[in-house]
Amino acid sequence: MTSRMSPLLERNEQFARTYTPVPLGLPVAQVIVITCLDHRVDPAITLGLKLGDAPVLRNAGGRVTQSVIEEVAYLAFLGRRLFGGQLTDDTRFEVAVIHHTQCGTGFLADPGFRHEAAEATGVDEAALEVSAVGDPRVETEASRRFDLPTRL
Ligand SMILES: [Zn+2]
């Protein structure tokens, strides 16, 4: 039986045959990427990330939500717990928050569209309003530096 998943599974089988596991360790790039889930802006392609380079957290609009903050805090905990003895001043991480042009969340700036989206999804209109990404040059937040052992 074939499904839309079949080509993906075939590609995954091919990948698994030639895959060399990346050893468990701190991400090589020492950057945590937060970006949009849009299928046109894959950070592996747009940033040239390879396996083991950086954790990537994605959501609609690439917004820093409470759940994203919790994920980053967990990553900090995990790094500290697993590699605390290896951490030095050089193990500081940066968080890159990346937005993009033509983001689908831009439609949420329109009150009518936002209201319709809230009705259809059950998501609060105020939450939808703050997730709208207009001009990414305005929206992109500066990367923040933090020490891995430090809770945000
Ligand atoms: Zn987007």
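Throughout, read-outs are computed from the coordinates displayed, never taken from laboratory work. Because the structure is predicted, anything quoted here is derived from the model rather than measured. Ideal geometry is used to build each Cβ from the backbone, glycine not excepted, and the neighbour counts take in all protein chains shown.
Some notes on this structure:
- The chain - share of DSSP beta bridges that are antiparallel (%, nearest 5): 25
- The chymotrypsin sites (Phe, Trp or Tyr not before Pro) found in the range 1-86 that occupy coil by DSSP, while having at most 12 further C-beta atoms within 10 Å, are TYR19.
- One Cα centroid belongs to the range 81-105, the other to the range 13-30; the line between them spans 18 Å.
- For the options VAL133, VAL123, VAL56, a Gaussian network treatment of the chain with springs between C-alpha atoms closer than 10 Å singles out VAL123 as fluctuating the most.
- R0 of 35 Å, Cβ-Cβ distance PHE83-ASP110: FRET efficiency to nearest 0.05: 0.15
- Shape call, the range 1-73: gyration tensor on alpha carbons, a/c limit 1.5: oblate
- For the chain: relative contact order, % (alpha-carbon pairs under 8 angstrom, 6 or more apart): 26
- Burial ordering of GLU13, GLU125, fewest other beta-carbon atoms within 10 Å first: GLU13, GLU125
- Scanning residues 5 or more positions from GLY62 or on other chains, those with amide H under 5 Å from its amide H are CYS36, LEU37, with H placed 1.01 Å from N in the peptide plane.
- Scanning residues 5 or more positions from ALA96 or on other chains, those with amide H under 5 Å from its amide H are ILE32, VAL33, ILE34, with H placed 1.01 Å from N in the peptide plane.
- Listed from fewest to most Cβ neighbours within 10 Å, the set ILE34, ILE45, ILE69 follows the order ILE45, ILE69, ILE34.
- Nearest-20 debye value, the chain charge dipole, Cβ charges on Lys, Arg, Asp, Glu: 620
- The chain pair-distance distribution - Cα-Cα, 10 Å bins, rounded %: 10, 30, 30, 23, 7, 0
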